[in-house]
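Each remark here refers to the structure printed beneath this line.
The values are calculated or read from the model by the stated rules, or taken from the named source; none is laboratory data. What you are looking at is a predicted structure, and each value in this text was computed from that prediction instead of being measured. Glycine gets a Cβ as well: all are built from the backbone with ideal geometry, and neighbour counts include every protein chain shown. For accessibility, only protein heavy atoms count, side chains too; no ligands or nucleic acids. Shrake-Rupley method; radii C 1.70, N 1.55, O 1.52, S 1.80 Å.
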Amino acid sequence: SAKAQGRNTVRIFAPTMQSPYCAQLALEADMARGMQHGEFVLHFQPQHEGGQVVGAELLVRWKHPVKGLLMPGAFIEQAEQGNMIVALGSWVLECACAQLAAWHAHPATAGLSLSVNVSARQFRQADFLAGVADVLRRTGADPARLTIELTESLLIDDVDDTIAKMKALKSMGIGCALDDFGVCYSSLTYLKNLPFAEMKIDQTVIQDLRDPKSAAIVRAIIVLGETLGLKVVAEGVETEDQRAFLSTHGCTRQQGYLHGRPVPLQEFASSLPRHG
Ligand code: C2E
Ligand code: MG
Ligand code: MG
Ligand code: MG
């Protein structure tokens, strides 16, 4: 290896070499280019409450000129290893707030809320809160209509920083959701110690509802959320049986293919009922 050859050895990479480091740099450069060219788009997945659309989760897609439409699974995890996730995340936040402000001006859409996913590296930035405050000020978006979704993996590394930032977001009027709840039992500790406003039951749990034990777990999760004063949202609702079970047991706020797939803004907007 280069190291074995000594400190002063210059190691030359052939273009065909695919070290993880090279792949990382290539992805970051490609993402930066893609962002400059407006290749990233946001899809809106509706959230239903008792049969009505009450908002949406923003999910990013990349219209790659060579690779076609890329889903987050193809680039988010790698982007999270570097700083492109910070740029991408602040763009998503910007879009969400601008959209909320635009909706706020019309009675038919003023009640809609939006959820955005925030990655660990983005959340850990020293200027994360300042950035959020800035985008709220510039856009005039109602913070009560914005939800920031955090996953458990984000919470583990620096609990003090997490608590401080979540409290600050709460004081700004923004609620945080614990995304993908039910995948890991330690989530219970986070619900106890962190100021969450919402929990999202993971789709793997919902899709296993036919199993009586899973059904019992989901019922318990719903009761737990209610008892803690949290908004409980079910993710990945695909069937009428799942919808009915969740509604019967008090989880009326739902997201999933049954209610609607993630779609571009125009499609989402045209699915809304028109008033006046
Ligand atoms: P997530 O935040 O848990 O989002 C829910 C995922 O479940 C989305 O996948 C959505 O399309 C999918 N889904 C929704 N309903 C159903 C259903 O009924 N059945 C099934 N099988 N799947 C359903 P997607 O869009 O591929 O996103 C995957 C993950 O990528 C998200 O999981 C989120 O963690 C991440 N992600 C997406 N957009 C962003 C973003 O803007 N920033 C960051 N940091 N992460 C993002
Ligand atoms: Mg999410
Ligand atoms: Mg989720
Ligand atoms: Mg997820």
For residue 47, residues with placed amide H under 5 Å, excluding near neighbours: 54, 55, 56, 57
Candidates 235, 77, 152; GNM for the chain (alpha-carbon contacts under 10 Å) flags as most fluctuating 77
The value for segment 162-276 (convex hull of the alpha-carbon atoms, volume per residue, Å³) is 142 Å³
The answer for residue 149, listing residues at least 5 apart or on another chain whose modeled amide H is closer than 5 Å to its amide H, is 116, 117, 118, 177
Kindly express, to the nearest 10 degrees and within the range 0 to 90, the angle between helix 128-139's C-alpha long axis and the longest C-alpha principal axis of the chain. 60 degrees
Rounded to the nearest 0.05, what FRET efficiency is calculated for residue 22 and residue 184 with R0 set to 25 Å and r the Cβ-Cβ distance? 0.15
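Translational diffusion coefficient of the chain at 25 °C, 0.890 mPa s, Stokes-Einstein with Kirkwood Rh over Cα pairs, in µm²/s as a whole number.
121 µm²/s
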How large is ³J(HN,Hα) for each residue in segment 256-265, as worked out from phi by the Karplus curve 6.51 cos²θ - 1.76 cosθ + 1.60 (θ = phi - 60°), to whole Hz, x for Gly and Pro? x, 4, 4, 8, x, 7, x, 9, x, 3
Counting only other residues whose beta carbon sits under 13 Å from that of residue 84, what net charge do I get with K and R as +1, D and E as -1? -3
Nonlocal amide H pairs with residue 156, under 5 Å, H built at 1.01 Å: none
Per the 1.4 Å probe, what fraction of the accessible area of the chain, in percent, lies on carbon and sulfur atoms? 56 percent
Taking 7 Å along the Cα-to-C-beta vector as the label spot, tell me the residue 81-residue 157 distance in nanometres, rounded to one decimal. 1.4 nm
HN-Hα couplings for segment 114-127 via Karplus (6.51, -1.76, 1.60; θ = phi - 60°), in whole Hz with x for Gly/Pro, come out as 10, 10, 10, 8, 10, 7, 3, 4, 5, 5, 7, 4, 4, 9
Taking R0 as 41 Å, what's the FRET efficiency between residue 193 and residue 266 from their Cβ-Cβ distance, rounded to 0.05? 0.50
For segment 224-230, 3J(HN,Hα) per residue [Karplus equation, 6.51 cos²θ - 1.76 cosθ + 1.60, θ = phi - 60°, Hz, x = Gly/Pro]: 4, x, 4, 4, 7, x, 9
Let me confirm the definition first: pairs of Lys residues in the chain, 8 or more apart or on different chains, C-alpha distance under 17 Å. How many are there? 7
